[in-house]
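First the structure, in the form of structure tokens, and then the observations on it.
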Amino acid sequence: MATQTIERPDIDERTEQDDDTPKVFHYVKKDKIAESAVMGNHVVALCGEVFPVTKSAKPGSPVCEKCKKVYEKMKK
């Protein structure tokens, strides 16, 4: 009896639903970010969206347009 090796094709089986990477990043108060990351508490973004902090934004990451507008008004 001969043994055969069957090669599996390299397929990324993740779907968009599996991917937990945020589509956009939101503006949140700094002190709430660390608390959420450690304790798992939800934060409220400037746009009103509520979520737990799971990822940190890298420079050049897409930013929520509503958060951006609110932030610009706050700076004035």
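A few notes on this one:
- Filtering segment 38-54 to residues that are over 24 Å from E72 (Cα atoms) and touching a residue at least 24 places away in the same chain (Cβ under 8 Å) leaves only T54.
- Test: residue in segment 27-40 that is part of a strand (DSSP E or B), surrounded by 11 or more Cβ atoms within 10 Å (Cβ to Cβ) and modelled with pLDDT of 90 or more: no
- For segment 59-76, taking the residues that are within 11 Å of A45 (Cβ to Cβ) and within 15 Å of the chain's Cα centre (by Cα), the one that is surrounded by the fewest Cβ atoms within 10 Å (Cβ to Cβ) is identified as V63.
- Test result for A2, at pLDDT 75 or above and within 16 Å of the chain's Cα centre (by Cα): no
- Flag for V43 being modelled with pLDDT of 90 or more and in a strand (DSSP E or B): yes
The values are calculated or read from the model by the stated rules, or taken from the named source; none is laboratory data. Remember, predicted model here, so these are calculated numbers, not experimental data. Glycine gets a Cβ as well: all are built from the backbone with ideal geometry, and neighbour counts include every protein chain shown.
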